[in-house]
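Q: Below is the structure I would like to discuss, written out as structure tokens.
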Amino acid sequence: MSARLPVRPRVLHVAAEVFPLVKTGGLADVTGALPQALIRAGADARLLLPGLPAIAESVPQSRKVCEIGPLFGAARITLRLGQMPGSHVSAYVIDAPYLYRRGGGPYQDSNGADWPDNLQRFALLGWVGAHLAAGELDEAWAPDVLHAHDWHAGLACAYAKAHPGTAAARLFTVHNLAYQGLFPMTEFAQLGLPTSAKAPSGLEYHGQLSFMKGGLKFADRITTVSPSYAREIATHEFGAGLDGVIRGRQADVSGILNGVDPAVWNPSADSALSARYDAERLDGKAVCKEALQREMGLALDAAAPLFAVVSRLTSQKGLDLVLGALPALLASGAQLAVMGTGDPALEAGWRAAAQVHPGRVAVRLIYDEALAHRVIGGADAIVVPSRFEPCGLTQLYGLRYGTLPLVRRVGGLADTVVDASPEALNDGRATGFSFDAATPEALLQAAQRLVALYRQPPAWRAVMRTAMARDFSWDQAAAQYLALYNTVLARA
């Protein structure tokens with residue numbers, strides 16, 4: 001059977017965002033790094049992206065592949081092929097100014113409201129992905145594997161499944177099941193899919209259309225971004241209403257951990273840091289801490305354990321738990337630096353905390369990539385208390401930078417952080433601190449254990465070194481994806 005498999009599989013990644021051009025979360029980091037790792041592993045991996053301004057203006061467009069349209073309300077659509085800046089990854093860009101060339105974000109306008117034509121915008125993304133997979137748009141290249149990412153690309157699987165002549169295998173990766181791409185059922189006719197796709201066995205979700213469900217139902221295999229999350233989404237607690245669909249496809253669901261791009265996250269070569277350091281030369285970490293305290297307006301106190309939050313400020317991320325534990329955490333002598341944006345109520349809560357505790361709590365209600373590096377490089381601990389977390393990348397960055405993670409034991413956080421229990425400390429396996437209940441009290445207990453270890457510098461440095469030695473490279477993830485591609489191609 002292996003003789004049927006391509007020596008160098010061609011893989012098309014369909015996604016709405018990619019680092020460093022458009023990023024709202026971890027999805028962009030994955031699509032920015034995984035195709036490069038697959039190429040290193042011997043695959044021919046390409047991207048398909050919507051022509052959002054930052055993408056259309058940054059990808060040098062070496063050739064026009066074809067003209068498409070009119071379609072989904074756009075009178076002119078051009079498919080172009082260029083190169084991702086600074087990499088060997090080729091990227092198809094859907095140049096559809098009517099649908100993509102606008103201000104605001106990829107999914108919402110500048111006021112935070114969803115774009116009213118998101119159905120058309122992301123149906124087009126899926127439609128082009130499926131027609132590339134069918135070999136219909138680029139005569140010079142067609143994929144063996146159509147790999148769609150999250151709800152924005154879910155219809156790529158539905159369109160490809162609807163065309164019997166498509167030979168490409170279909171893989172769908174769930175990055176966050178909570179965001180499902182829901183639209184009124186009355187808009188189904190715009191999609192151009194067979195009527196059967198409208199049924200509960202297809203896109204129908206409680207009377208609405210679900211792009212996420214399209215990926216889950218019509219992919220050959222489903223992956224999530226951590227093994228624990230793959231198990232969790234089959235439960236009522238974490239399934240976001242789709243747990244029944246997941247359980248129905250349980251044999252086809254698996255989890256592959258995300259990785260860290262060492263070219264982007266490396267404390268020994270990070271130009272954003274005030275000083276470089278590594279596991280054998282940790283002095284630069286103290287320099288980074290002092291620089292961060294100065295930048296954020298915190299008291300210059302080398303002895304204070306400096307906790308950090310780099311996150312979207314949402315209930316999912318558990319940042320209200322940190323607010324609840326804050327008075328007792330500060331009483332232990334700690335400081336806290338927070339960077340992120342999100343729910344207005346949480347932003348207001350953090351703004352008030354900084355006003356009440358000047359010099360002890362610093363808050364920046366922005367997202368800035370370089371500042372994120374400085375915060376993670378300068379802090380002693382990174383707090384990720386998520387109510388659910390498909391994979392999480394922040395804790396991986398913390399491990400790499402010797403910034404010990406304090407996490408809730410869910411999803412990818414459970415898979416990547418070894419709690420500093422007495423046994424793990426004795427065995428030299430500990431890399432951070434975990435807690436179970438989504439309560440301020442449980443978080444505080446773990447934080448107090450962290451502070452106690454911080455007061456023992458030799459033991460703290462030993463855990464730092466263990467954390468920094470963990471290998472969460474994209475090359476490992478790429479090898480697992482290649483094995484999965486071969487499995488699904490062998491079944492075809």
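Q: Taking amide H positions as placed 1.01 Å from N in the peptide plane, with prolines and chain starts having none, which residues 5 or more places from V22, or on another chain, fall under 5 Å of its amide H?
A: Excluding prolines and chain starts, which carry no amide H, there are no hits.
Q: Mind jotting down the distance between the C-alpha centroids of region 130-160 and region 247-263, whole Å?
A: About 20 Å separates the Cα centre of region 247-263 from the one of region 130-160.
Q: Can you give the net charge of the other residues whose Cβ lies under 12 Å from the Cβ of H236, counting K and R as +1 and D and E as -1?
A: Charge balance in the 12 Å sphere: -2.
Q: With the Cα gyration tensor of region 149-236 giving a ≥ b ≥ c as the square roots of its eigenvalues, does the rule (a/c under 1.5 for rounded; else a/b larger than b/c for prolate; else oblate) give rounded, prolate or oblate?
A: Working: a/c = 2.18, a/b = 1.27, b/c = 1.71.
In terms of gyration-tensor shape, oblate.
Q: Where does the chain land at 222 nm, in deg cm²/dmol rounded to the nearest 500, when only DSSP H runs of n ≥ 4 count, each adding -39500 (n - 2.57), divided by all residues?
A: Calculated at 222 nm, the ellipticity per residue is -11000 deg cm²/dmol.
Q: For region 350-424, what percent of Cα pairs sit more than 21 Å apart?
A: Counting every Cα pair in region 350-424, those more than 21 Å apart make up 37 percent.
Q: Taking the inverse of the average 1/r across all pairs of different Cα atoms in region 221-362, what Kirkwood radius in Å do you get? Can you show the working numbers first?
A: Values: mean 1/r = 0.0549 Å⁻¹.
So the Kirkwood estimate lands at 18.2 Å.
Q: Determine the dipole magnitude for region 314-433: charges of +1 sit on the beta-carbon of Lys and Arg, -1 on that of Asp and Glu, nothing else is charged, the reference point is the Cα centre, and the result goes in debye to the nearest 20.
A: In total the dipole reaches around 180 debye.
Q: I need the P(r) histogram for region 40-119: all alpha carbon pairs, bin width 5 Å from 0 out to the longest distance, whole percents.
A: 3, 15, 23, 21, 17, 12, 6, 3, 0
Q: A further question follows. Once neighbouring chains are kept in place and the probe is 1.4 Å, which whole percent of the accessible area of the chain is contributed by carbon and sulfur?
A: C and S atoms contribute 53 percent here.
Q: Follow-up. Given the whole protein assembly as supplied and a 1.4 Å probe, what does the accessible area of M212 come to in Å², nearest 10?
A: Result for M212: roughly 0 Å² accessible.
Q: How do the peptides 110-119, 249-258 rank, highest first, by the average count of neighbouring beta carbon atoms within 10 Å per residue?
A: 249-258, 110-119
Q: When DSSP assigns beta bridges and you keep just the ones with both residues in the chain, what percent turn out antiparallel, to the nearest 5?
A: 30
Q: Kindly express, to the nearest 10 degrees and within the range 0 to 90, the angle between helix 344-356's C-alpha long axis and the longest C-alpha principal axis of the chain.
A: Approximately 20 degrees, to the nearest 10.
Q: Where does the charge balance sit around Y367 when Lys and Arg score +1, Asp and Glu -1, over other residues with C-beta under 15 Å from its C-beta?
A: Spelling it out: positives minus negatives among the neighbours equals -1.
Q: Then there is this: With the alpha-carbon atoms as the only input, what is the per residue convex hull volume for the chain in Å³? Write out the running numbers ahead of the final one.
A: Numbers: hull volume 71.4 nm³, N = 492.
In the chain, the Cα hull volume divided by residue count equals 145 Å³.
Q: Provide the per residue accessible area, probe 1.4 Å, for the chain, rounded to a whole number of square angstrom. Mind showing how you got there, number by number?
A: Details: 18600 Å² over 492 residues.
It amounts to 38 Å² per residue over the chain.
Q: Could you tell me the number of lysine pairs in the chain with C-alpha atoms less than 30 Å from each other, where the two lysines are 8 or more residues apart or belong to different chains?
A: Going through the chain pair by pair, I get 17.
Q: Now a separate question. In percent, how large is the relative contact order of region 1-141, given Cα pairs closer than 8 Å and 6 or more residues apart?
A: Once divided by the residue count of region 1-141, the mean separation gives 21 percent.
Q: So, by mean Cβ neighbours within 10 angstrom, what's the order for 29-39, 46-56 with the highest one leading?
A: Going from most to least packed, we get 29-39, 46-56.
Q: Once you sort the root eigenvalues of the Cα gyration tensor of region 316-394 as a ≥ b ≥ c, which label holds: rounded (a/c under 1.5), prolate (a/b larger than b/c) or oblate (the other case)?
A: Note, shape of region 316-394 comes out rounded.
Q: Express in whole angstrom the spacing between the alpha-carbon centres of region 316-373 and region 16-53.
A: Spelled out, the Cα-based centre of one part sits 31 Å from the other.
Q: Restricting to Cα pairs below 8 Å that are 6+ residues apart, what does the relative contact order work out to for the chain? Please round to a whole percent.
A: Working: 1035 pairs, mean separation 60.2, N = 492.
Rounded, it is 12 percent for the chain.
Q: Hey, how much of the P(r) for region 345-492 falls beyond 25 Å, as a percent of Cα pairs? Can you show the working numbers first?
A: Numbers: 4021 of 10878 pairs.
Summing the P(r) tail past 25 Å for region 345-492 gives 37 percent.
Q: Another question about this same structure. Using the charge dipole of the chain (Lys, Arg: +1 at Cβ; Asp, Glu: -1 at Cβ; taken about the Cα centre), state which of Y98, I77, L132 has its Cα farthest towards the positive end.
A: So the residue we want is L132.
Q: Nearest 10 degrees, 0 to 90: what angle lies between the long axis of helix 369-378 and the longest principal axis of the chain (Cα atoms)?
A: 30
The values are calculated or read from the model by the stated rules, or taken from the named source; none is laboratory data. Keep in mind it's a predicted model, so treat the numbers as computed, not measured. A quick note on method: Cβ atoms are made from the backbone with ideal geometry, for glycine too, and the neighbour counts reach across all protein chains shown. In case anyone asks, the SASA skips ligands and DNA or RNA and just uses the protein heavy atoms, side chains included. Shrake-Rupley method; radii C 1.70, N 1.55, O 1.52, S 1.80 Å.
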